[in-house]
Amino acid sequence: MSKRKKGRDLGTEEMKYTEKKKMITSSSSRWGLISYDELPEYMKDNEYILRYYRANWPLKEALFSIFRWHNETLNIWTHLIGFFVFLVLTVLNLEQVPKVADLLSNFTRSFSVNAIVDASHNHSNFFSGTDALFDMEKTMSSEISATVSTPATRWPFFVFLAGAMFCLMSSSICHLFGCHSHKLNIFLLRVDYSGIAIMIIASFFPPIYYIFQCNPIWQFIYLTGITTMGIFTIFTLFSPAMSTGKFRAYRAMLFCAMGLSGIVPAIHAIIVNWSEPRRTITLVYELAMALSYLTGTMFYVSRVPEKWKPGFFDLAGHSHQIFHVFVIAGALAHYGAALIFLEWRDRVGCDKLV
Ligand SMILES: [Zn+2]
């Protein structure tokens with residue numbers, strides 16, 4: 001390239017930049033909202049959302065924009081509210097973790113009963129809050145001869161709650177601060193995608209752990225399988241090209257593949273626990289979860305409804321907000337199922353079932 005041509009190109013580049021800068025700063029306030037055409041290239045993700053963008057805002061301005069109306073406000077708040085919902089659920093469940101003294105007294109009582117009669121009966125309920133979930137509880141406990149005296153391990157349940165909270169919080173932070181700079185935008189997007197992968201991995205823990213509690217080999221195979229798949233997904237998502245809009249469908253496909261891999265242990269669990277009456281309730285919950293996630297993903301990929309009416313859903317009602325709501329709905333449905341698995345394991349040991 002000749003020196004003169006190079007100089008001319010640089011000149012045009014510079015003109016373009018100052019023109020753009022002028023357009024950005026010409027807004028009514030200092031940190032005003034701009035249109036899609038005025039966006040720096042790295043922020044051009046959805047051409048159907050035309051206005052109310054923030055771009056290259058300082059961290060402080062970005063932080064306080066949580067209380068301002070722009071096209072990310074509802075994206076931030078939907079997952080922030082979701083985060084607090086799961087935080088409350090975690091605190092409530094932590095409060096219900098039985099005290100050591102309760103555990104001991106329950107154990108000794110149960111032990112003495114076992115010594116006198118052949119079949120054991122345990123009517124203690126550590127998760128009294130779940131009573132409302134199933135009325136058949138009392139009748140079923142008489143059918144189950146193999147009951148346990150100690151409550152089920154709690155950590156897999158809390159792994160799921162922690163995974164959900166991490167995903168929702170990282171998403172909120174990503175939407176809040178993604179407008180700061182190109183570097184931070186890319187980093188936060190990767191954390192956000194990793195959050196989704198972590199939530200999917202964490203979601204597998206309660207069902208797999210409790211269903212296959214009495215079959216440690218399958219428990220190990222399934223949990224190692226999904227964790228390996230999740231780690232691979234996170235590494236793939238951290239490659240620079242993957243954060244771009246071009247790979248939106250590919251990213252969605254990776255997450256769907258992770259979620260759908262749950263079909264294998266699900267079929268296994270259904271076969272093994274065919275006679276378990278609560279199978280239907282947990283299946284309904286898990287199907288509701290799968291349906292929520294899949295519907296959400298369809299909105300995420302298709303960019304409906306803003307695609308049909310560009311500019312109309314800039315502030316409220318665009319695909320990403322709908323996707324967020326479906327993610328929370330799916331996570332709550334899974335929470336319902338996890339609670340039943342946990343409660344079941346509080347009552348049923350490994351002597352008979354599985
Ligand atoms: Zn999001």
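The distance linking segment 218-253 with segment 300-314 is 27 Å (Cα centroid to Cα centroid, whole angstrom). Here the Karplus relation 6.51 cos²θ - 1.76 cosθ + 1.60, evaluated at θ = phi - 60°, turns the backbone of segment 281-295 into coupling constants of 4, 5, 5, 4, 4, 5, 5, 4, 5, 4, 5, 4, 5, 5, 4 Hz, with x for every Gly and Pro.
A short reminder: the numbers here are calculations on the coordinates, not readings from a lab. Model, not experiment: these values are computed from the prediction.
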